Each structure stands twice: as structure tokens, then as C-alpha cells.
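A quick write-up on the structure given underneath.
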Amino acid sequence: MADVVMAGTGGQGIILAARIVAEVAVRMGYDVKTSEVHGMAQRGGSVVSMVRWGERVFSPLIPRGHADFLLAFEGLEGLRCLPFLKPGGRVIVNLYRLDPLPVLRGDADYPQDYLEIIRGFAPGTLAIDAVEMARAAGNPRVASAVMAGALSSLLDFPADIWEEAIRTLVPARALEANLRGFAAGRRAG
Amino acid sequence: MRRRLLSGNEAIALGAYSAGVRVGTAYPGTPSTEILEELARFPEPYVEWSPNEKVALEVGMGAALGGARTLVCMKHVGLNVAADPWMTLSYIGVNAGLVLVSADDPGMHSSQNEQDNRYYAVMAKVPMLEPSDSQEAYEMVRAAFRLSEEHDVPVLLRTETRVCHSRSMVEYRQEREEVDLPYEKDYVKRVMVPGHARLRHPVLIAKLERLREEAERSPFNRAEMRSSRVGMVTSGVCYQYVREAFPEASVLKLGFTHPLPEKLIHEFASHFHRLYVVEELEPYLEERIKAMGIDAVGKARVPRTGELDPDSVGRALADIVEMDTGVRGGGWSPPLQEGLPPILNELPARPPVMCPGCPHRGVFHALSRMKAVVSSDIGCYTLSVFSPIEGIDCQVCMGASVGMALGLEKAFLSSEANRGKEKKVVAVLGDSTFIHGGITGLIDIVYNRGFSTVIILDNRTTAMTGFQPHPGTGRTIRGEETFALDLAELGRAVGVESVRVIDPWDLEETGRVLEEEVGAERSSLVIARRGCVQRERDREYSPYRVDAEACNDCGLCMRLGCPALVKREGSVAVDETLCAGCSLCAQLCRRGAIAEVGGDG
């Protein structure tokens, strides 16, 4: 069983990444639960998705200190969700910074050393530039597939199951770019 | 049987479809919105976005009387709007089944309050079901239709954010029931003049007693016996939190929660010296269980505000469960949290913001310059409340901005303390919410000789909930073409003296028209019309750029609160990947320091 927390901001494709991971866990025969955020928070606010799988999953919400994996789609949001990580849990950080309004306004400082802070808490943290890798794969918007690919390298699920899940969930016009992005993320992991 | 991972909302739609629903109505509202969108994926049912929840329920009542199984969906506060028909529908009954889905929002992820709509089942004297995951959502909606028809009452399916927007496995059948009941006139039953209603109320109370027997037998209410020392009672998604926090506890899992199965509760309670009641928000179960003479611990421990999770349930009860069982923490283990960096307590917040290029921004900029008293409504524009715009003064519910503006104006008119403010009062609301609940307020302003200015922020869609069409867009939920309500003509028709349509991306025009209308002693309606920038991502535009030499860091543009305007090393710059090319910052800049990339500057 495993718990995955995905943290970022509205519009980063977190809901899609969570659905891909969940679909893979279903295909592996696990009981699966996810939780998503819709509505107001999607307007540029903090967004968290959770995916859990195992023999039997009860709560769709992951308790703090329980997550096996934290996927930080954005640096600050990764820091914000660090308390979900369990001791020995792994973090994948997208090296991407999106300043929230208080920082844009100069009222607060962005924690520029977020990667060092995360690494200090979670040794073995994997840092990738998912946006750049997505761009190289043909579309900067498939960064969420890159992140899913990076996670896949840390899990023991066959690559073809991941591909099937992506084919099921991604519309045809964006499929090839997502598959390339996923492959790039998987290699980086 | 098939198996799929479905959200609670998808499962409700699938269950309703398989139950043979022929009519589905709703007004969009988080976390309920996707139910009707999912139902609309099936070709057979008639589905509609209604102008508001009251109309949605009224159409639903007619459809059910007309013999069609009917699903009516709304967020929790939507049932306040629909409460009038809801309270009397239970008197007249339904003919074919009618299920009303109320999606509550504990923790207020996207809502103005966290009211507990279980009380709406009590008030209307109707049965209520509460799913704890997607499988139950699917099964309960099917059972609800049978219950509704057998007892001739509407059924409340009370769900909430963590059921609606969680995905879990659902086993379902690929089938669709056929329900087509004859309509027969029965005016004593269905015309609620006092003489008839007096006959119907006792009938409804008698139904409640039969429904209580249903609750006793319902498979949705079950005692799971594990520990002989700890008995917990719970409903809805809280069941999952209880099972995770205290896996050894015995649990009375309630899914049919009105009327309550009192015999079953007494039987379960007889095994324990007291019960622990775990429920979100109000002590609905707790108070009823205590009234049955059972010793119970609930809100004395479990938070009454916000949503619960396994942690909060564990923390609330661990020490007393430990006393009961002698097991450390009662079996709950607190989160392992050592060594978290202290900086996590000081992270900058990331509040939701109006998007770069949002057409609402220009209006709020103009209003803040005028120091207007702005009564607001519910929609993306409510985000203008945050710094630096701080563009609105009050906001309660959909449509309320218009009536509140008139009230402010009338209070200021007779006030010494607020002299002059009556000429500064403005109501803002969206195109969809104006149709939902604002038009009657506008009629009031005209009728009662008010002169507050009403501004419709007309972005041609219902944006916050995910771009649903509405009667002003000329499209139905299925994308069919239909009559497009003309808001300006509507304003003129109800007697507004001055109706103006402006482009909120034109700051000069926006400022000038608002100056003219807000101060004038006549009724006025300003329609600030431009499509939502999120819907028009494919349009051609160039981002803007700041000429650092020309910029003197006056900070004027930063007052727009645009996420694309950033401070880099103390100077203002445009993040070109975020800029939507609206040009507001360039229009505002007195030094001409901001220009289109690739333009003449």
C-alpha cells in the first residue's frame, strides 16, 4: 500500500496526474481512493490531490506523517505539504517557482532555499525541471505527465500499465505529448 | 458487474441513470456541479441548468408528478433558495421518485458557510441517506428512488465535499430501469390550500413512522461489532475516518439517518457504557441519541467547525478510548512529525486570485478610485476582496448584493453619520447570479425609487464552477442553441432609467461611465461585458513588457493585483508566461513604460 500527496497550484494538471496514478493502482488490483480540490481554490490558490492504495483504503484524506511520496509541482507548495510526508518518504520536486500574491506584492519572501529545506527533511529527494522536460517533449503543459513518470520510476508497476492508464485518461490530441513527457519523467527518476 | 474508479458525483449520476431518471435539474455549485454534467453524458434523460435552485426543484416537482423519476442537485446553500418548495413538496408527495442531492461543504473549501443540511430532512419530514464513499453514493441514489416512490415522499441524499470529490471503486450494473407512471389529477392531495394542507400534514407524520421502520431494516444502517469496550456511531465520510483512526472500535455505521433507527441504536448502545458520536459540523446524531437516554460523547470532544480527518478524530478521542480499553492511544497513533523545519510555520499564503486578464479587474480598479461602497455577490469577482484590490465591502449570498445596496442607500439617506455615502453605493454581481437571484432586487430598486448602481460583471459564463452556460449565453447544458436573454433589454424592461454596456478592458470608458452612473440620482444598470479570459485562451494576443528605463517604480500598476505583474529585484516586471495581454497595466502607466511585446511601444 502507499499514500501519495500531490501539491501545486490551480492549473498545473495535478488532478490529471492523480487520476493517472490512481488508474494504475486500480489496474494493479488495489483498492484505491483519491481526493481532489475543485472550485474556488483552483483560481490560482494552493491545490492538493491525494491518492491512496492498498488491500483496503478507508479515508480519502491522508493523515499527516503518512505519505510515502510527495510530488511537489511547485516549490512553496511542496514545502507546505511536507508535514504529510512520513519518515523515510520520498519527495519529487519540480524546480518551478510561482510567486503567490503576497510575494508578488513584496509583502512576504518566497522561501528560495525550498529545495535545501526539503532535502534536509527528506534525503533522497529527486529534483527535476518538469516544465523544461515537458517543453522538450513538445508541450510545456504536459509537466504533470513528467511528474507522474518520475513517480513511476520509484514504484514497482510495469511501464505498460502506466501507458495504458495514460491512454485511457488523456484525450487523443494531447496523448503523444503526454506519453513522451511521461517517458522523460520516468528516465529522470 | 463492472468496476470503475468514480468520484462520488459520477457515482450519483450513474446511479440515477441506472434508476431510470428521465429528468435532471440543477444550478451549478461546488461541490455538486459535476453530477448533472455527468448525467448529461447520457443521451436519454432531459437535463437542464435551471436559473436557480428554486426553479430546479420546481421543475423537478412537476416532472415527478408527471411520472418521471427526477434528480435535483445543488450545493448546501442552494437548498436555502429551494427551501420554499422543499417544505411543502413533502406534503403533496411525488408520484414518480424525486431525489434531491444536497452537497454540503464542511471546511468551506468553496462556500460562504458550512451549514449542516441534515436539518433540512428533519424540517421537511423526509427520509435522508448519507453515503460514505462512491459505492454507497451509487447504491443510495438507486435505493432513494424506490424509497421515494414507495412512501410518496421526496428523499434527501446528503453528500459532502469529500464524498463528491473523492474517487473510489464502484461496482455497478450496465442497466437502466424503465419507470413511467401515469399522471392522475388529485387536487386534494396536491393543491395546498389550508384545508387540504391540514389533511396532508398528519399523513406526512404517519409516513415518518413507517420510514423509521424502513431505517431499522435498511442495509445502510449496520452494527460492525469488534471491540467489546468501544462503540462509535458515525455517518457519511466520517465512517472512513473512524475506521482509520480506531480500527478496533465497534461502529454503528448509519447511512439512513432520518428518521433514525432508534431500536438499532438502543441495541448497539446496550453493549457499551457510553457511545462516541463522530460527525462533522452539528451534533445532529448526538443530540438525538442523548434524547433517547443514551450516554454519548460527541461535540464535547469532536470539533464542530471545519472538516474532520483521521487525525482530528484520533486526537479528539484517543485519551478516553485509552481509558476504556487500556490500549495506548486507544489504538490511534499520532502523526510522526519530528524534525519538521520551523520555516513551515511562516510560509507565505497563496490565496486564490483573479486571473491575469480577468475582465472584472478593470471595474474594481475604477470603483476603488471612486471610494465606492460595494456590495458584492458570489463568484470569481469575490476574489477582489483580497489585497491589493480590497474591492468589496460585503457579500452574503447569490443575488443579495442588489438588495443590500438598496438597503445601504436607504440607511445612508436618513443618516447624519454617513452623509453623502448614499451616492457611492454600488452592487456588483455576475451574469449568472443576476439571473439566479439579482433581477428581483433590481426591480425593487426601480420600484422603490432607489438610485444605487447595479453592475453586472458579464463574462458570458458561470466561471467559478467551471464554465457552465446560463440563460444569457444562448446555449443549453447539451450545447444546443437557444434564446439568449439580453440583460440590457431586461434592465430597460423593468424600468431602469440608464442602462450602459461597457468593455471592462477599456479603463477610460469604464471609469468615465461608472463616475457618471454611480453619482447620478437615477436607477442605473452597467453591464461590463467581456468573455472570461480562461475561456478564450486560444485568442491571439501579445503579452506586455515593462521598459525598465522608463519605469519609475511608482507602483500604480501593482494596485491592479494582477498575478502577471511581479517585483523582480525591486522593480516591476511582467511575467510573460502569465500575461493575458489585457493591457490594463499599460493603460494605467503614466510614463508609457509598459507596452506590448513586439509592439511599437
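Whether any residue in region B:328-344 is in contact (Cβ under 8 Å) with a residue 12 or more places away in the chain, open to solvent by less than 20 Å² (accessible area, probe 1.4 Å) and within 14 Å of chain A (Cβ to nearest Cβ) is what I want to check. The answer is yes, given that some residue of region B:328-344 is in contact (Cβ under 8 Å) with a residue 12 or more places away in the chain, open to solvent by less than 20 Å² (accessible area, probe 1.4 Å) and within 14 Å of chain A (Cβ to nearest Cβ). Can you pull out the residues in region B:8-22 that are open to solvent by 10 Å² or more (accessible area, probe 1.4 Å), not aromatic (Phe, Trp, Tyr) and not in a loop (DSSP other than H, G, I, E, B)? Passing the criteria: B:10, B:14. Only residues that are assigned to a helix (DSSP H, G or I) and under 29 Å from the mean Cα position of the chain (by Cα) were counted across region B:216-244, and they come to 7. Of the residues contained in region B:146-154, one or more are found to be free of Cβ contacts under 8 Å to residues at least 40 places away in the same chain and at negative phi.
Looking across A:25, A:127, A:108, one residue alone is open to solvent by less than 40 Å² (accessible area, probe 1.4 Å) and either in a strand (DSSP E or B) or more than 11 Å from chain B (Cβ to nearest Cβ) (or both). It is A:127. When residue B:331 is tested against (1) under 25 Å from the mean Cα position of the chain (by Cα); (2) modelled with pLDDT under 95; (3) not acidic (Asp, Glu), only condition (1) is not met.
Restricting region A:133-162 to residues that are in a loop (DSSP other than H, G, I, E, B) and polar (S, T, N, Q), the residue that is surrounded by the most Cβ atoms within 10 Å (Cβ to Cβ) is A:139.
Can you find a residue in region B:552-570 that is free of Cβ contacts under 8 Å to residues at least 12 places away in the same chain and open to solvent by less than 40 Å² (accessible area, probe 1.4 Å)? Yes, the conditions are met somewhere in region B:552-570. Residues that are within 14 Å of chain A (Cβ to nearest Cβ), open to solvent by 20 Å² or more (accessible area, probe 1.4 Å) and farther than 19 Å from residue B:404 by Cβ are absent from region B:357-379 altogether. In the set (1) over 30 Å from residue B:509 (Cβ atoms); (2) assigned to a loop (DSSP other than H, G, I, E, B); (3) within 14 Å of chain A (Cβ to nearest Cβ), the condition left unmet by residue B:294 is number (3).
Can you tell me which residue in region A:67-80 is farthest from the chain's Cα centre (by Cα), limited to those that are more than 7 Å from chain B (Cβ to nearest Cβ) and open to solvent by 10 Å² or more (accessible area, probe 1.4 Å)? Here the residue is A:68.
Filter region A:1-22 for residues that are facing another protein chain (nearest Cβ under 10 Å) and either farther than 19 Å from residue B:349 by Cα or among the charged types (D, E, K, R) (or both) and give the result. Selection gives A:15, A:18, A:19, A:22. Select from region B:193-237 the residues that are of a type in the set (Val, Ile, Thr) and either in the same structural domain as residue B:294 (by TED's automatic domain parsing) or under 20 Å from residue B:133 (Cβ atoms) (or both) and list them in ascending order. Selection gives B:230, B:233, B:234, B:237.
Test residue B:154 against the stated conditions and say whether it is crowded, with 24+ Cβ neighbours inside 10 Å and either under 16 Å from the mean Cα position of the chain (by Cα) or within 14 Å of chain A (Cβ to nearest Cβ) (or both). Here the answer is no, as residue B:154 does not meet what is asked.
A quick yes/no check of all residues on (1) within 14 Å of chain A (Cβ to nearest Cβ); (2) under 28 Å from residue A:168 (Cβ atoms); (3) free of Cβ contacts under 8 Å to residues at least 40 places away in the same chain; (4) not in a loop (DSSP other than H, G, I, E, B):
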site: B:24; (1), (2), (3), (4): no, yes, no, yes
site: B:29; (1), (2), (3), (4): yes, no, no, no
site: B:37; (1), (2), (3), (4): yes, yes, no, yes
site: B:42; (1), (2), (3), (4): no, yes, yes, no
site: B:47; (1), (2), (3), (4): no, yes, no, yes
site: B:59; (1), (2), (3), (4): no, no, yes, yes
site: B:73; (1), (2), (3), (4): no, yes, no, yes
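Selection of region A:28-57 for residues being among the polar types (S, T, N, Q) and part of a strand (DSSP E or B) yields A:34, A:35, A:46, A:49.
The values are calculated or read from the model by the stated rules, or taken from the named source; none is laboratory data. Everything numeric here is computed off the predicted structure, so don't read it as measured data. A quick note on method: Cβ atoms are made from the backbone with ideal geometry, for glycine too, and the neighbour counts reach across all protein chains shown. With ligands, DNA and RNA removed, areas are computed over all heavy atoms of the protein, side chains included. Shrake-Rupley method; radii C 1.70, N 1.55, O 1.52, S 1.80 Å.
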